[in-house]
Amino acid sequence: MAEKLKNCQSCGKIFMAQPGEKICRNCQEAAANLEAVVVDYVRDHPKCKIVEIMEETGAPESLIRRLIEAGRFIQVGVSMSYPCKKCGKEIFAGKYCDDCLKEMQENLQAAQGELAQAAEAAARGHGMYSKELQK
Ligand SMILES: [Zn+2]
Ligand SMILES: [Zn+2]
């Protein structure tokens, strides 16, 4: 079967993991419970900060960020801001602010353009090379 033995990334116990699973059932359940606690806390304290949630619920920042990025707080009517991973500007969804997203897209397009040009140049280069060989 596709299941294989893995060490749980959370508690370190060995468990039968489905493809893509990183933590054991126990930890998955604990994480789901903690997520519910965090979402409840945020619904009751719409103006709270991430550090307050961490202090009050004991949830790690990574879990809180995951919930924000998944839009879980927006679902309960709370738009929580948190810093963009790149520039630190306050954002409400995703990992990056609009400016950084745009910049990254432009960089990506530029990189793809360069790659295409390089491929073209390489193709041309090979063409010339083979022609020279034929001489
Ligand atoms: Zn575990
Ligand atoms: Zn940004």
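Which residue out of GLY71, GLY88 is under 21 Å from the mean Cα position of the chain (by Cα) and either among the β-branched types (Val, Ile, Thr) or in the same structural domain as SER10 (by TED's automatic domain parsing) (or both)?
Values: GLY88 fails: either among the β-branched types (Val, Ile, Thr) or in the same structural domain as SER10 (by TED's automatic domain parsing) (or both).
It is GLY71.
Quick one: is GLU55 modelled with pLDDT under 90, among the charged types (D, E, K, R) and more than 10 Å from ligand 1 (Cβ to nearest atom)? Give the steps one after another, and end with the answer.
Details: modelled with pLDDT under 90: no; among the charged types (D, E, K, R): yes; more than 10 Å from ligand 1 (Cβ to nearest atom): yes.
So GLU55 does not fit the description; no.
So if I check each of LYS95, LYS86, which one is outside any helix (DSSP H, G or I), at pLDDT 90 or above and either of a type in the set (D, E, K, R) or more than 16 Å from ligand 1 (Cβ to nearest atom) (or both)?
Values: LYS95 fails: at pLDDT 90 or above.
Among LYS95, LYS86, only LYS86 is outside any helix (DSSP H, G or I), at pLDDT 90 or above and either of a type in the set (D, E, K, R) or more than 16 Å from ligand 1 (Cβ to nearest atom) (or both).
For segment 85-97, state whether one or more residues are β-branched (Val, Ile, Thr), touching a helix residue (DSSP H, G or I) at 6+ places or on another chain (Cβ under 6 Å) and surrounded by 10 or more Cβ atoms within 10 Å (Cβ to Cβ). So that I can check it myself, show each step before the final result.
Taking segment 85-97 first, the residues β-branched (Val, Ile, Thr) are 91.
Add one more test, that the residue is touching a helix residue (DSSP H, G or I) at 6+ places or on another chain (Cβ under 6 Å), and what stays is none.
The answer is no, given that none of the residues of segment 85-97 is β-branched (Val, Ile, Thr), touching a helix residue (DSSP H, G or I) at 6+ places or on another chain (Cβ under 6 Å) and surrounded by 10 or more Cβ atoms within 10 Å (Cβ to Cβ).
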Practice prompt. Search segment 12-23 for residues being modelled with pLDDT under 95 and either near ligand 1 (Cβ under 10 Å from one of its atoms) or among the β-branched types (Val, Ile, Thr) (or both), and hand back the single one that is nearest to the chain's Cα centre (by Cα).
Written response: LYS22
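Out of all the residues in segment 100-117, is one or more closer than 30 Å to VAL38 by Cα and modelled with pLDDT of 80 or more?
Quick first cut of segment 100-117, residues closer than 30 Å to VAL38 by Cα only: 100-101.
From what's left, modelled with pLDDT of 80 or more: 100-101.
Yes; the residues of segment 100-117 include at least one that is closer than 30 Å to VAL38 by Cα and modelled with pLDDT of 80 or more.
The values are calculated or read from the model by the stated rules, or taken from the named source; none is laboratory data. All values reported here derive from a predicted model rather than from experimental measurement. Every residue, glycine as well, gets a Cβ built from its backbone with ideal geometry; the counts of neighbours run over all protein chains shown.
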